[in-house]
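Visitor: The structure that follows is given in the form of structure tokens.
The values are calculated or read from the model by the stated rules, or taken from the named source; none is laboratory data. In this text the structure is predicted, and so the values were computed from the model without any measurement. In this analysis, Cβ positions are derived from the backbone assuming ideal geometry, glycine residues included, and neighbour counts consider all displayed protein chains.
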Amino acid sequence: MINLPAHFSPMRVALVYNQKKEEATQQVLTDDAGEPPSSQGKVPLHSFHLQKNLTEQKTNKLSDMYAEWDTFETIDAVRAALAEFHHVTLIEADENAYGKLQSHRPDIVFNIAEGFNGVSREAQIPAMLEMLNIPYTGSDPLTLAVCLDKSRAKEILSYHRIPTPNFAVINDIRDLRNISVVFPLIVKPLHEGSSKGIYNSSLARDNKELEREVDDILERYHEPVLVEEYLDGREFTVAVLGNGRDLTVLPIVEIKFDTLPQGVNPIYSYEAKWIWDRSDAPLDIFACPANISLELRNEIESICKKAFDVLRCRDWCRIDVRSDSKGRPHIIELNPLPGILPNPQDNSCFPKAARAGGFPYNKLIQSVLFLAAQRCGLIVSSPTNYIKN
């Protein structure tokens with residue numbers, strides 16, 4: 001167990017989340033008020049009950065619709081980490097969330113809600129919280145909305161001369177006539193995360209493959225398509241914690257594409273993330289810390305800190321990086337609501353980097369809360385001292 005500063009008093013924390021629907025038919029989170037924190041800073045864990053929810057049962061085909069949402073296991077693990085020191089209330093990010101937040105009025109919200117409807121869905125809960133003047137973890141609505149729109153984020157990066165692959169945005173299949181990007185190309189939905197819409201076939205090497213992939217995304221997701229020049233170098237993911245000048249870059253994770261099934265494309269596709277790599281049969285797909293030179297590490301850390309800064313991220317963010325044929329790193333995208341699966345066998349990159357940096361799962365979650373509380377003025381202490389000790 002970590003030793004928090006004595007003045008980091010127990011708070012009323014609301015954990016706001018979305019639970020995967022295909023799983024929610026079997027596992028339902030229920031909140032128990034529990035006991036207040038003791039003088040030692042620990043609280044008994046809340047009671048969670050598993051029950052069949054027959055009214056919720058739907059025919060959910062195998063799809064990526066809820067890929068961004070969290071499992072019962074993840075939500076429970078975050079709750080448990082927060083409950084070591086604080087009173088925790090669970091609030092699902094559904095249509096009743098605003099009323100519950102208004103009624104409970106927690107001291108602070110730990111936000112992991114991805115939302116569902118609209119291109120600004122990740123910004124919806126933070127916007128509610130700002131209207132209610134309730135502090136929360138993570139980036140503000142504008143940053144969340146911009147980062148989910150991959151082209152808007154890349155435009156800002158390009159303006160600040162932070163390297164990112166050349167790209168085009170396709171709203172209609174006829175737009176392909178006017179693009180100037182160079183094959184091979186990665187084709188992905190403009191407003192999705194968690195590798196949604198990025199399949200092994202998403203690497204297009206000619207016009208026929210490009211048209212096929214663009215047409216599929218337009219039809220399936222009903223949103224614009226990002227067509228991005230493919231970089232054939234190494235790929236990394238970078239976990240960043242902190243605010244302002246006090247940023248900590250955790251050990252860099254490299255994705256080892258040579259561990260994927262033979263013959264597949266060297267991209268971190270939906271299949272690679274959710275189908276081929278399973279907790280019961282994990283792929284040895286990550287190296288952390290990445291085996292890279294000090295020069296490359298410094299270059300990656302530098303562009304990630306700049307990207308974090310110019311997109312005005314707060315508290316934490318996972319940043320995906322890929323090198324070109326000359327080994328120069330480029331920012332692919334930023335995820336200011338990073339995945340935080342607790343089971344090491346699930347190969348979740350932010351917790352993996354945190355463990356390599358000396359942060360057990362609970363300390364990672366508590367650190368994010370601490371950073372947000374310090375940023376919002378709920379505590380007065382240096383987050384750098386806490387994070388690096």
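Visitor: Residues to consider are Val187, Val214, Val227; find the one that is assigned to a strand (DSSP E or B), out of contact with any Gly (no Cβ under 9 Å at 6 or more places or on another chain) and surrounded by 16 or more Cβ atoms within 10 Å (Cβ to Cβ). Outline the logic, then answer.
Guide: Details: Val187 fails: out of contact with any Gly (no Cβ under 9 Å at 6 or more places or on another chain); Val214 fails: assigned to a strand (DSSP E or B).
Testing whether each residue is assigned to a strand (DSSP E or B), out of contact with any Gly (no Cβ under 9 Å at 6 or more places or on another chain) and surrounded by 16 or more Cβ atoms within 10 Å (Cβ to Cβ) leaves just Val227.
Visitor: Also: If we keep just the residues of the range 190-211 that are part of a loop (DSSP other than H, G, I, E, B) and polar (S, T, N, Q), which is surrounded by the fewest Cβ atoms within 10 Å (Cβ to Cβ)?
Guide: Residues of the range 190-211 part of a loop (DSSP other than H, G, I, E, B): 190-199, 205-206.
Next, only the ones that are polar (S, T, N, Q) stay: 194-195.
Details: Ser194: 17, Ser195: 20.
The selected residue is Ser194.
Visitor: If you check Ile285 against the conditions, is it among the β-branched types (Val, Ile, Thr), assigned by TED's automatic domain parsing to the domain that holds Phe359, buried (at least 22 other Cβ atoms within 10 Å of the Cβ) and touching an Asp or Glu at 6+ places or on another chain (Cβ under 9 Å)?
Guide: no
Visitor: Tell me the residue from Gly197, Gly193 that is at pLDDT below 95 and on the phi > 0 side of the Ramachandran plot, please.
Guide: On the way: Gly193 fails: on the phi > 0 side of the Ramachandran plot.
Gly197 is the lone residue from the list that is at pLDDT below 95 and on the phi > 0 side of the Ramachandran plot.
Visitor: State which residue is modelled with the highest pLDDT when the search covers only the range 263-289 and only residues that are within 17 Å of Gly197 (Cα to Cα) and among the aromatic types (Phe, Trp, Tyr).
Guide: Among those that are within 17 Å of Gly197 (Cα to Cα) and among the aromatic types (Phe, Trp, Tyr), it is Tyr268.
Visitor: One residue is enough: does the range 272-281 have a residue meeting the conditions free of Cβ contacts under 8 Å to residues at least 12 places away in the same chain, more than 22 Å from Asp320 (Cα to Cα) and of a type in the set (A, V, I, L, M)?
Guide: Yes: one or more hits.
Visitor: Only one of these is free of Cβ contacts under 8 Å to residues at least 60 places away in the same chain, closer than 22 Å to Leu15 by Cβ and not polar (S, T, N, Q): Pro351, Pro342. Name it.
Guide: One residue alone meets the criteria, Pro351.
Visitor: Across the range 315-350, what is the number of residues that are assigned to a strand (DSSP E or B) and of a type in the set (Gly, Ala, Ser)?
Guide: Residues in the range 315-350 being assigned to a strand (DSSP E or B) and of a type in the set (Gly, Ala, Ser): 1 in total.
Visitor: Where in the range 58-166 are there helices (runs of 4 or more DSSP H), lying wholly inside it, with at least 1 residues that are within 28 Å of Val225 (Cα to Cα), in contact (Cβ under 8 Å) with a residue 60 or more places away in the chain and outside the structural domain of Pro338 (by TED's automatic domain parsing)? Lay out the reasoning, then the answer.
Guide: Values: elements: 72-83, 97-104, 124-132, 141-148, 150-159.
Hits in the range 58-166: 124-132, 141-148, 150-159.
Visitor: So which residues in the range 302-314 are closer than 16 Å to Gly327 by Cβ and crowded, with 17+ Cβ neighbours inside 10 Å, if there are any at all?
Guide: Across the range 302-314, the qualifying residue is only Ile303.
Visitor: Ok, one more. Conditions first: (1) modelled with pLDDT under 95; (2) of a type outside the set (Val, Ile, Thr); (3) buried (at least 16 other Cβ atoms within 10 Å of the Cβ). Met128 passes all but one, so which condition is the exception?
Guide: Exception for Met128: condition (1).
Visitor: With the checklist (1) at negative phi; (2) in contact with a helix residue (DSSP H, G or I) (Cβ under 7 Å, 6 or more places away or on another chain); (3) part of a loop (DSSP other than H, G, I, E, B) in hand, flag the one item Arg312 doesn't pass.
Guide: (1)
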